[in-house]
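Worksheet: the structure to be examined is printed underneath.
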Amino acid sequence: MFFFLNYENVLNALDEMSQNEKKVYNSKTSSKAGSYERLMTSFQFLVVLVITKQLMDYFYSVTKILQTKDFDISQRNEQIENLKKTLETLRANVDTEHESWYKIAYLLAKKKMEFPPKSQGTV
């Protein structure tokens, strides 16, 4: 989630490094920064980023609780079972979720990223 929130900052830093207007970075660093920037601004990367973030949101509360020292295993088992049911529902409604997540990626991409070719349709 942290990366998702700082996505634009990372892109701006990579852009500055690849442009290297202040001549701070060597050519290898500038070239690599440009490559990473192109990768991160591809629509495919953005879709994967959105899907990963959305899925990790489901796991966050359970993983946080499981990392505590004083947890009741029976109570945690119930939370894990609830997570499993949620994921099963998600899988059963994959088309709806896919459409929703694609829209999120598309709206983010509208800001300044590449768009998928129209012939591909949805990802």
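The values are calculated or read from the model by the stated rules, or taken from the named source; none is laboratory data. Owing to the predicted nature of the structure, the values given are computational and were not obtained by experimental measurement. Every residue, glycine among them, receives a Cβ derived from its backbone with ideal geometry; neighbour counts consider all protein chains shown.
Figures for the structure shown
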{"read-out": "Complete set of residues in region 100-115 that are modelled with pLDDT of 50 or more and part of a loop (DSSP other than H, G, I, E, B)", "value": "Met113"}
{"read-out": "Pick from region 36-45, criterion over 9 Å from the mean Cα position of the chain (by Cα) and surrounded by 12 or more Cβ atoms within 10 Å (Cβ to Cβ), ranking: farthest from Lys103 (Cα to Cα)", "value": "Tyr36"}
{"read-out": "Residues of region 64-77 classified as surrounded by 11 or more Cβ atoms within 10 Å (Cβ to Cβ) and assigned to a helix (DSSP H, G or I), total", "value": "3"}
{"read-out": "Selection count where residues are hydroxyl-bearing (Ser, Thr, Tyr), at pLDDT 85 or above and either out of contact with any helix residue (DSSP H, G or I) (no Cβ under 9 Å at 6 or more places or on another chain) or over 30 Å from Lys111 (Cα atoms) (or both), scope region 29-84", "value": "3"}
{"read-out": "Pair list, Cβ < 8 Å and 6+ apart or interchain, from region 6-20 residues that are farther than 11 Å from Thr41 by Cβ to residues that are acidic (Asp, Glu)", "value": "Ser18/Glu37"}
{"read-out": "Tabulated pairs, region 38-55, first among the basic types (Lys, Arg), second assigned to a helix (DSSP H, G or I), C-beta under 8 angstrom, 6+ apart or interchain", "value": "Lys53/Phe4"}
{"read-out": "Of residues in region 1-57 being in a helix (DSSP H, G or I) and acidic (Asp, Glu), the one farthest from Lys85 (Cα to Cα)", "value": "Glu16"}
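Condition check ((1) surrounded by 14 or more Cβ atoms within 10 Å (Cβ to Cβ); (2) more than 25 Å from His98 (Cα to Cα); (3) not charged (D, E, K, R)) across all residues:
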residue: Leu5; (1), (2), (3): no, no, yes
residue: Leu14; (1), (2), (3): yes, yes, yes
residue: Val24; (1), (2), (3): no, yes, yes
residue: Lys32; (1), (2), (3): yes, yes, no
residue: Val47; (1), (2), (3): yes, no, yes
